[in-house]
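Note sheet for the following structure.
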Amino acid sequence: MRPPLRLSKSSFGSTASSSRQPSDDELLSRLRSNDVRALELALARYWTLVVDYIERLTRSRDAAEDIAQRAFCQLWDRRAQWGVAGSLRALLCRIARNYAVSEHRRHLAEERSAATFLELHADSPAALQDAVDDARLRTLIDRGIAKLPVRRREILVLRCYHDLSYKEIADIMNIAEQTVANQLSKGLATLRASFGDRLD
């Protein structure tokens with residue numbers, strides 16, 4: 001369960017007012033005790049540091065802020081797993097770095113996939129441009145599918161990517177064939193709203 005506070009950019013840079021600031025060990029101990037205030041103090045103390053560190057790795061301020069927010073969320077979500085001694089700063093940087101590395105690997109995989117697609121389909125300048133457009137559209141559609149509700153996404157992937165029949169999908173997911181049809185129709189409608197005729 002995440003803390004009942006909004007992780008807004010305006011609050012990340014604020015400085016907590018207190019006569020004595022708790023140590024990292026104290027903050028970690030308080031986090032393990034479900035103390036939301038400890039998370040707020042950690043945000044005030046280390047938000048700028050984590051963002052600046054990740055921005056140097058990604059060269060993108062927006063990406064760095066997104067990754068930093070995910071890191072602080074993980075700090076809270078897995079609070080029971082952290083030890084009560086150690087450097088909170090190092091822990092946050094390690095969590096954020098892992099996210100940054102994962103994002104970098106994902107982007108590399110997308111680029112390799114697009115490059116392979118181009119090599120296989122680009123036989124002329126016109127075909128090359130078409131292939132570039134197709135690769136970009138494919139990436140956008142993949143991202144659109146990833147945003148669908150879990151069951152709808154699974155049905156669409158099984159049907160459109162793996163060409164399974166409605167009955168096969170229904171058997172796999174233990175649902176009615178009509179449910180498969182309904183969810184597939186809704187999923188495609190969502191994608192068509194974003195991509196229009198290009199989806200066909």
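FYI, it's all coordinate maths here, none of it is from the lab. It should be emphasised that the depicted structure is a prediction, and the values quoted were computed from it without experimental measurement. Ideal geometry is used to build each Cβ from the backbone, glycine not excepted, and the neighbour counts take in all protein chains shown.
Comparing ALA96, ALA38, ILE67 along the charge dipole axis of segment 11-105, the residue lying farthest to the positive side is ALA96, per the Cβ-charge model.
3J(HN,Hα) couplings calculated from phi for segment 166-180 with the Karplus curve 6.51 cos²θ - 1.76 cosθ + 1.60 (θ = phi - 60°) are, in sequence order, 4, 5, 4, 5, 4, 5, 5, 9, 6, 9, 6, 4, 5, 5, 4 Hz; Gly and Pro show x.
Net charge near TYR99: determine it from the other residues with C-beta under 15 Å of the C-beta of TYR99, scoring Lys and Arg +1 and Asp and Glu -1. Please list the in-between numbers first.
Working: positive: ARG56, ARG70, ARG78, ARG94, ARG97, ARG105, ARG106; negative: GLU55, ASP62, GLU65, ASP66, ASP77, GLU103.
Its environment carries a net charge of +1.
Between GLN178 and THR48, the modelled label-to-label distance comes to 6.1 nm, taking each label 7 Å out from Cα in the direction of the beta carbon.
Dipole orientation for segment 141-199: of the candidates CYS160, ILE172, SER194, SER194 has the Cα lying most toward the positive pole (charges on Cβ; Lys, Arg +1; Asp, Glu -1).
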